[in-house]
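Visitor: Quick one: the structure is below, questions incoming.
Please treat every number below as a calculation from the coordinates, not as lab data. On a predicted model such as this, the values are computed, not experimentally measured, just so you know. Counting neighbours? That spans all protein chains shown, and the Cβs are built from the backbone with ideal geometry, glycine included.
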Amino acid sequence: MIDAHCHLQDCENIEKAIEGLEAVICCGSDLESSKKTIEIASQFPNVWATVGVHPEESLKSQIPNPNEFLKLANLKRVVAVGECGLDYTPETSEEEKSAQRELFKFNIDLAKETKLPLVVHCRNAFEDVFSILNAQDSMLKVQMHCFTGNMEQMQECVKQGWYISFGGILTFKSSHELREVAKAVPEDKLLIETDAPYLAPEPLRGTRNVPKNVKIVAMTLAKTRSVDFNTIDQLTSQNARKFFNL
């Protein structure tokens with residue numbers, strides 16, 4: 001089983017947290033955390049790293065240095081660029097939205113230059129994500145991390161060839177609509193993740209999440225799609241290997 005997105009640099013007892021998993025994708029969110037992901041990946045043979053800048057970093061005074069990130073992205077254990085994207089809340093100003101869009105483009109340029117897949121965070125910003133990515137002159141491999149969109153948004157992502165990754169939110173009692181969306185994702189575009197140590201699945205909500213809890217997400221997805229657990233395990237692992245070139 002493969003956890004397609006987590007943050008081991010924020011987890012405790014990493015060895016225990018990843019126990020029994022074939023692979024774990026440990027994601028960066030700024031320069032320092034990206035360096036940490038690579039350090040962790042060098043210590044554990046089933047951990048792989050991503051490097052990138054999260055949209056929450058958009059208003060910091062320090063502008064990312066492309067050369068620093070390019071150097072990291074070309075290291076052996078790095079398999080993707082991200083976590084990056086757009087995160088809009090009712091409190092997000094137009095200035096911050098603009099800064100986020102520019103930062104997103106920075107990550108996209110890094111993915112294009114290195115020919116690595118792109119790990120995308122999208123909250124209340126699908127229209128802008130579609131617009132920015134569709135303006136690119138190259139076919140990027142894209143993982144829509146911790147997907148919470150509706151059926152129409154999922155279908156547009158799949159139309160673009162992007163992968164849809166479900167995490168602990170899929171297991172929440174209130175996520176009826178999301179489970180309907182999960183039923184409809186094509187088999188070859190499905191991924192599962194934990195976003196650990198965040199978003200622990202039911203019945204563990206309120207605790208610190210760990211990558212091995214991805215099994216709970218897989219169980220929920222199997223039940224949702226009316227297939228057995230092993231089918232989801234094999235399917236999502238195969239997709240993760242292909243997406244991240246493991």
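Visitor: For LYS76, give me every one of the aspartates and glutamates with a C-alpha distance below 17 angstrom, ignoring sequence neighbours fewer than eight places off in its own chain.
Guide: List returned: GLU39, GLU68, GLU113.
Visitor: Output the peptides 16-24, 163-171 sorted from most to least packed, where packing is the average of other Cβ atoms within 10 Å over each peptide's residues.
Guide: Those peptides, ordered most packed to least, come out 163-171, 16-24.
Visitor: Take each of the peptides 7-14, 117-124, average the number of other beta-carbon atoms within 10 Å over its residues, and list them starting from the highest.
Guide: 117-124, 7-14
Visitor: How big is the stretch 2-244 by Rg and Dmax over its Cα atoms, in Å?
Guide: 16.7, 49
Visitor: Let me ask you something else. What number comes out for the charge environment of ALA49, summing +1 per Lys or Arg and -1 per Asp or Glu over other residues with Cβ under 11 Å away?
Guide: +3
Visitor: Taking K and R as +1 and D and E as -1, what net charge do the other residues with C-beta under 13 Å from the C-beta of ALA99 add up to?
Guide: Spelling it out: positives minus negatives among the neighbours equals -4.
Visitor: Return the subset of LYS36/LYS112; LYS97/LYS183; LYS71/LYS159; LYS97/LYS215; LYS189/LYS215 for which the Cα-Cα distance in this structure is over 30 Å, preserving the input order.
Guide: Pairs exceeding 30 Å: LYS97/LYS183; LYS71/LYS159; LYS97/LYS215.
Visitor: Now for a separate question. Applying a 10 Å radius around every beta-carbon, put 30-40, 202-212 in order of their mean neighbour count, most first.
Guide: Highest mean packing first, the order is 30-40, 202-212.
Visitor: Between beta-carbons, use under 14 Å as the cut-off and find the net charge around LEU246, counting Lys and Arg +1, Asp and Glu -1.
Guide: +3
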